[in-house]
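Written out below as structure tokens is the structure these notes cover.
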């Protein structure tokens, strides 16, 4: 039987905590268990980090310097791109009503300060072992790029990028290929259909336009010289 560390090793956790000492303690103990941790010290930074690269779990302090952690939880719960991410709320508010509010906002678990680190680690492991229904049917995500198939929309670092229909289909096809290289002819067939007569140069022009619009994320669409194109981390 696999241990907790073995089954959850490598999972990413975003620690949203404004107290540096507390964040360091959490990070030290969680990284000992094999998790990869990032930290945000306020709600604005936390939301930007979540949208930039979705973590597998968020540990969220309810009291933050720029407002309430409840606002972050509410945003996550209301956004289909983030509402599948489990949230463990960490707070000094121990009343039943506080916990009910936390759960109503989408929290998956609720731990009050002061807490036992072993108990918190066990709860983290439990949340990360739960089966998660991800939005794969509607969303394709790679690095800073999120493609929403239902809304025909592409975002880079949370900002909407306006693409043509062909550019959108090219990006969707490359992202769905999950790192496989598609030659130009195959890409033309998948994007435009096998009955459309276009030259390889046509795809090259669309790729150039797509890269320009992706801005800082343009290098995720890569040319494999003499073969075709692929979508992978720069």
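Coordinate-derived values only; no laboratory data. Note that the structure is predicted; figures quoted are calculated from it, not measured. Quick reminder, even Gly has a Cβ in these numbers, built from the backbone with ideal geometry, and neighbours come from all protein chains shown.
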Here the residues of the stretch 103-121 lying in the modelled label zone of residue 150, meaning backbone nitrogen under 13 Å from a point 7 Å along Cα-to-Cβ, are none
For the chain, take the longest principal axis of its alpha carbons; what is the angle in degrees between that and the long axis of helix 69-78, to the nearest 10 within 0 to 90?
40 degrees
Label points 7 Å out from Cα along the Cβ direction at residue 122 and residue 52: separation in nm?
3.5 nm
Let a ≥ b ≥ c be the square roots of the eigenvalues of the Cα gyration tensor of the stretch 11-129; is it rounded (a/c under 1.5), or, if not, prolate (a/b larger than b/c) or oblate?
rounded
When only Cα pairs under 8 Å and 6 or more residues apart are kept, what is the percent relative contact order across the chain?
13 percent
Helix 20-32 versus the longest principal axis of the chain: what angle, 0 to 90°, nearest 10, using Cα atoms?
70 degrees
From the coordinates shown, mean projected area of the Cα convex hull in nm² corresponds to which of (1) 11.7; (2) 13.2; (3) 15.0
(3)
Starting from 0.36 nm per residue, how many nanometres of slack lie between residue 66 and residue 20 once their C-alpha separation is accounted for?
15.0 nm
Any chance you could give the angle, 0 to 90 degrees and rounded to 10, that helix 43-52 forms with the longest Cα principal axis of the chain?
40 degrees
